[in-house]
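Participant: Take a look at the following structure, please.
Just so you know, all these numbers are worked out from the coordinates, no wet-lab data involved. Predicted model only: the values in this text are computed from it and were never measured. Cβ: placed from backbone, ideal geometry, glycine included. Neighbour counts: every protein chain shown.
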Protein chains: 2
Amino acid sequence: MKLEQRVQDIPPAARSEQAGGPVAIICGGGALPTAVAEGALRAGRSVHLLPIEGWAEPRLVERFPHTWIKLGQFRRLCRLAQQAGCREVVLIGKVLRPSLSMLRFGWSDLPLLPRAFEAFRGGDDRLLSMTAAVFEEHGFRVLGAHEVAPEILVPEGALGSLSPAERDSADARQGFAAIAAMGPYDIGQAVVVADNHVLAVEAIEGTDDMLARIAEMRAQGRIPVPRGVGVLVKAPKPGQDRRFDLPAIGPQTVANVRRAGLAGIAVQAGEVVIAEPEIMIRNADAARIFVAGFPPAAER
Amino acid sequence: MKLEQRVQDIPPAARSEQAGGPVAIICGGGALPTAVAEGALRAGRSVHLLPIEGWAEPRLVERFPHTWIKLGQFRRLCRLAQQAGCREVVLIGKVLRPSLSMLRFGWSDLPLLPRAFEAFRGGDDRLLSMTAAVFEEHGFRVLGAHEVAPEILVPEGALGSLSPAERDSADARQGFAAIAAMGPYDIGQAVVVADNHVLAVEAIEGTDDMLARIAEMRAQGRIPVPRGVGVLVKAPKPGQDRRFDLPAIGPQTVANVRRAGLAGIAVQAGEVVIAEPEIMIRNADAARIFVAGFPPAAER
């Protein structure tokens, strides 16, 4: 089994460390949660996964010790994490567009319901941040995914065989500066810049929708640069809670960037996480798209 | 005829002024070009319209002295304006998504073709700005629509029967500040702000597409505020060429704001133009949507 092989790859010193017992990983959708689990194992931590029904991918999580949970089972979550001996918790993965009927509360959750509905109304990420708060109130430490699995962070430099051209780097710098300028207004983690012109700004629609917009406008002849010019730029908003809201890239990002006709993907090194890096980089190379981590502004 | 009645309404002093002869109005699509023509007549200027085939609306322009032109006929444009005795030119109205087959050059335009294709590649507004440059090279003055028809500018205060609530005004201030912060990066003229949270930022997709995005996300349950909360905020980008690129609102904006479920429309007074104000305000009142001009930041 692939996982066991990996665990055997880890030096015994690291494996015996087991700082705070196993880490509980609350898993939303996508490939990131299990990438974090694998990264934690490599780093010598054991893990217990708590995948959320309807979002987490069975095929991926079933390779790890896990207990399925339903969205809204706050107390049960805490109890399961305690039973597994966890003192530290990571929340990772998408919980997009939950419908009210997907919420399953237990009797013990009743006191939390007003907060839960408020968070629910906030959509997308708010249930996750409310869940984090409940964990902290129960004495758990909530960690960022990158704290237990540093390897999921995009490093500095080109990840695949292509490097950004000078024009691409100029677009990337423009994008990082624009994201920083929008910081005080809590606007998106991503922009598309082409020929020093900002074509799109991500707000609550998310990166995939923003890239779909570029692809659509290109089909309508509304993009003022030819295919192969332009960069998707991602960086955390200044002041963002890096524990459960780091921007992420993965194979889907490459597919969307290709459809949008851009040259590549520029992210802030050490501040953006990557899901399924091998697949992503293979696809990026095949599509002649660069993927690169840029140093922070001060070092650029 | 409505137009003649209007001309008779103008005080003779104003009508006899006729500063630089008739003003040539190059008309793209929408109701704004003829609103400008009427405004100019009211202000005592005579006009000669040069509507662009495929964009200008025959029903509207045919009430004025006019000569139809085709996109790309740069020299003919200059000749027609000269023949009509015009020394001043206004370019107004949408020229969205022209296809290459809609361009019609004359022999005398040959030297301009490289620039024209470059501008064409730029899409949307760039052909307009190139046309303005050609006019200036031929000794014309290019004026902003509001310079010949000040009445098309949104004044300060509520335009319809509804005023913004305090929450709406706070959202509007947040939006104006965000647009100002994005100024150095030449990003959009519009944002949607709800409960002090920026939901969308307009880049090259335009206001209509941005509002459609909000409507779509609302249908998907992805908007974190209920219907009736949130404001469309429009202001010119700092440093924008106000002669032919002022942000505009009109009945279409009201229809889109209604679909997006927002409370109203906040624009920077004196810096945003309005098309078909009577229809727009009637529709806004019917939909319980406020439309208001806000003073510049220093006076807010």
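Participant: For A:GLY239, place a label point 7 Å out from Cα along the Cα→Cβ vector, do the same in each other copy, and report the separations in nm, one decimal, smallest first.
Facilitator: Result, one decimal in nm: 2.4.
Participant: Turning to a different aspect of this structure: Given label points at 7 Å from Cα along Cα→Cβ, what nm distances, shortest first, separate A:ARG79 from the same residue in every other copy?
Facilitator: Distances to the matching label points in the other copies: 8.8 nm.
Participant: Right, something else. Nm distances between the label at B:PRO296 and the same-position labels in the remaining copies, 7 Å along Cα→Cβ, shortest first?
Facilitator: 3.7
Participant: Next question, about the same structure. Residues with amide H under 5 Å of A:LYS234's amide H, sequence separation 5 or more or different chain, H placed in the peptide plane at 1.01 Å from N; which?
Facilitator: Counting only residues 5 or more places away or on other chains, the set is A:ALA266, A:VAL267, A:GLN268.
Participant: Calculate the spin-label point distance for B:SER169 paired with B:GLU278, positioning each point 7 Å from the Cα along the beta-carbon direction, and give it in nanometres.
Facilitator: About 3.1 nm separates the two model spin labels.
Participant: If I stretch the segment between A:SER129 and A:GLU57 completely, what's the gain in nm (0.36 nm per residue apart, minus their alpha carbon distance), one decimal? It would help to have the intermediate numbers written out before the result.
Facilitator: Values: separation 72, 0.36 × 72 = 25.92 nm, distance 2.09 nm.
Extending this stretch completely gives an extra 23.8 nm.
Participant: Karplus couplings for the range A:191-204 from phi (6.51 cos²θ - 1.76 cosθ + 1.60, θ = phi - 60°), rounded to Hz, Gly and Pro as x?
Facilitator: 9, 10, 10, 9, 6, 6, 10, 7, 8, 7, 10, 7, 10, 7
Participant: Which residues does a label at B:ARG242 reach in the range B:151-166, if reach means a backbone N under 17 Å from a point 7 Å past the Cα toward the Cβ?
Facilitator: From the range B:151-166, the list is B:151-157.
Participant: Here's a follow-up. Determine ³J(HN,Hα), in whole Hz, for all residues of the range B:66-80 in sequence, where each value follows from phi through the Karplus function 6.51 cos²θ - 1.76 cosθ + 1.60 and θ = phi - 60°; x replaces Gly and Pro.
Facilitator: Here the 3J(HN,Hα) series is 7, 9, 5, 10, 10, 4, x, 7, 5, 5, 4, 4, 4, 5, 4 Hz.
Participant: Now for a different question. Apply the a/c threshold of 1.5 to the C-alpha gyration tensor of the range B:161-222 and tell me whether it is rounded, prolate or oblate. Each step should come with its number before you reach the end.
Facilitator: On the way: a/c = 1.81, a/b = 1.03, b/c = 1.75.
Here the range B:161-222 falls in the oblate category.
Participant: Something else now. With an 8 Å Cα cut-off and a minimum separation of 6 or more residues, compute the relative contact order for the range B:240-300 in percent.
Facilitator: On the way: 71 pairs, mean separation 24.0, N = 61.
Relative contact order here is 39 percent.
Participant: Along Cα→Cβ, 7 Å out, is where each label goes; now give me the distance between the ones at B:HIS138 and B:GLN220 in nm to one decimal.
Facilitator: Result for the modelled spin labels: 4.8 nm.
Participant: Another question, if that's okay. Could you work out the mean count of beta carbons from other protein chains within 10 Å of each residue's beta carbon in A:189-195?
Facilitator: 1
Participant: Sticking with this one: Quick one: in chain A, whose Cβ comes closest to the A/B rotation axis, and how close in angstrom?
Facilitator: Of all Cβ atoms in chain A, the one nearest the axis gives A:VAL201, 2.
Participant: Let me ask something additional. How large is ³J(HN,Hα), in whole Hz, for each residue of the range A:23-28 in order, when computed from phi with the Karplus curve 6.51 cos²θ - 1.76 cosθ + 1.60 and θ = phi - 60°, using x for Gly and Pro?
Facilitator: Karplus values, whole Hz, x for Gly and Pro: 9, 7, 10, 7, 10, x.
Participant: Note down the net charge around A:VAL201, summing +1 for each Lys or Arg and -1 for each Asp or Glu among other residues with Cβ under 11 Å from its Cβ. Mind dumping the intermediate values first?
Facilitator: Numbers: positive: A:ARG213; negative: A:GLU202, A:GLU205, B:GLU202, B:GLU205.
Within the 11 Å Cβ shell, the charges total -3.
Participant: So if we plug the beta-carbon distance of B:GLU151 and B:ASP208 into 1/(1 + (r/R0)^6) with R0 = 22 Å, what FRET efficiency do we get, rounded to 0.05?
Facilitator: That gives a FRET efficiency of 0.35.
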